[in-house]
1. Quick check for me: using +1 on Lys/Arg Cβ and -1 on Asp/Glu Cβ, what's the dipole size of the chain about its Cα centre, in debye to the nearest 20?
2. 5 Å is the cut-off here: which amide hydrogens, built 1.01 Å from N in the peptide plane, fall below it relative to F42, excluding neighbours closer than 5 in sequence?
3. Over segment 1-129, give the accessible area per residue in Å² for a 1.4 Å probe, as an integer.
4. How many percent of the accessible area of the chain is carbon or sulfur, using a 1.4 Å probe?
5. Here are some pairs, K207/K301; K288/K311; K88/K352; which of them have Cα atoms lying more than 27 Å apart in this structure?
6. Which whole-angstrom value gives the distance between the alpha carbon centres of segment 187-219 and segment 108-147?
7. K3: which aspartates and glutamates have alpha carbons under 14 Å from its alpha carbon, excluding same-chain residues fewer than 8 sequence positions away?
8. Could you tell me which helices of the chain pass both thresholds, a Cα extent of 18 Å or more along their own axis and a mean Kyte-Doolittle hydropathy of at least -0.5, with helices taken as whole DSSP H runs?
Amino acid sequence: MDKRIVLSLFDRTLAEKEPELGIPELTDGFQFYGGGCAGGMFPVSFFSEVLDPGTWKIHIAFRALTDVKMLYVFTGRKQLREILTLKKGQKFEGTYFQNLAPIVPRHFDRIYHAERLFITICTQNPEAIEIVECYGAKEQVPVIWLAGDSTVTDQPGVIPYDPGAVFSSWGQCLPAFLADPIALDNQAHSGLTTETFRSEGHMDLIKQRIHPDDMVLFQFGHNDQKLPHLLADREYPENLRRFIEDVREFGAQPVLVTPLSRNIWSKEGRYLELLGAHAQAVRNVGEKEAVFVIDLHEYSKNLIFREGAGKSCRYFHPGDYTHTCEYGAYRVAGWMAGELKKLFAQKFRHMKESVKFEPPEDHWQQFGGHKAVCGGNRQEEQFDYIEKSSTDLVAAIQKALAGRE
C-alpha cells in the first residue's frame, strides 16, 4: 500500500510568499476577483506537500455537526465532485483521482507544474463540517485529457462563491459523474483555437504525458470561427485531423466533440445558428477518420429550443450567451457523461446519476450585477471578451466570413 499523504488546511495568504499558490490553475481554482457574490460561500480547501507528477488518489471523510442544506466538493482546480445535502450526524466519504501534470495557466506564457493535490468543500456554514480524514496516495489510473476553449476549461471560481454567479464548463463538471478510477486533466483554455492550442504548446503537454489507456476529448470552434483561415471549410478540419493522428500515435483514444451552442436570438425571435458549419465539419472529420463524435452542439441547441431564449439564460453566466454557470455546466456534463458511457461502456462502468440541481427562475435578475471582468491585448483575451456581447460576436463572425474571399 502506498504511503498516505495527509492534506492540510490551505491558507490563501501563502501566495504572498509563494506566488504560484496564487495561480488558480495550480491550486484549488478559487480566487478573490471582481467582488464575488454577496451572501455567497467561502471555500475551505486542503492541500498536499509538493508531490511527484502522475495520478493520485484523494480520500476525504467528514461529518455534519448540524443539518447542511447544500455542500459542494471540488478537487484540483475547482473540478466539481459532489453536490450534497446532509443531516446532522451524517458521515460522508469520497474517493477521487487527480492528475498532477504541467500546464500553461491563463495569462501566462510559460509552463508551470501542478505539484499539489487539492480538495475543497463549499457550504454556507463550513463550521458545521467536521473533517474526519483527508489524505492522498499514489495510484496509477487512466486519464481523460480535455482540449478546447473557454466552454471546456476549468474556469476559476470567484470568492464568495455562488453556483449561479460563476463561469463554469462541462469539462470541470464532468468529474461529478465519474465513479470509476479515472482522473481528468483539463488543458483547455479561454480564447484558444485549433491553431493556438498547438502553437502555444498545450498539445505538446498532453503528448508528453499521455498513455495508451488514456482518452483525449477535443472541442473547438467558438474562436476558430472568428478567423478566416480557421473557418469550417478551411484549416479547421485539418487541425482536427492532426490532433487525431497525435493521439493515435500513442495508442490512446481520440474523441471529437461538436461545439456547445450559444443562446443567441435575433430581435425577431429567430435562433441564430452561428456554429452549425463548424459542428458539421467535426461530424465530417469523425466519419472520415473513423473517430467517435459526441454531438454536443445538437444536444445543447435542442435544450435551448425546448427552454426558449429567456428560460435558457438561467444556465448561462449572467449577461453572457456562450459560457455556462455551474447549473448549466452540470446539466451539460451529465449528458456528456451519458454519451461517454454509451460509447465506452468498458471504461465507464459506473457513472454517477445526476442530482436535482436547477437554477432559480430569476437567476439573471438576481445576479445582474455580476458581469464578466475581461480585457487584455492577447488574441485569447480579445476572443474571450467578444463572447460577452452578442453584437460584437456576430460582427466578428461576419468579418471572418467576409475575409475568406
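1. 780
2. Here T123, Y161 satisfy the definition.
3. On the way: 6010 Å² over 129 residues.
Each residue of segment 1-129 exposes 47 Å² on average to a 1.4 Å probe.
4. On the way: 8340 of 16640 Å².
Roughly 50 percent, rounded to a whole number.
5. With Cα atoms farther than 27 Å apart: K207/K301; K288/K311.
6. 21
7. E49, D52, E139
8. 326-343, 390-403
The values are calculated or read from the model by the stated rules, or taken from the named source; none is laboratory data. Owing to the predicted nature of the structure, the values given are computational and were not obtained by experimental measurement. For neighbour counting, all protein chains shown are included, and Cβ atoms are generated from backbone atoms with ideal geometry for every residue, glycine included. The protein model used for the area step is the full one, side chains on, heavy atoms only, and it has no ligands, DNA or RNA in it. Shrake-Rupley method; radii C 1.70, N 1.55, O 1.52, S 1.80 Å.
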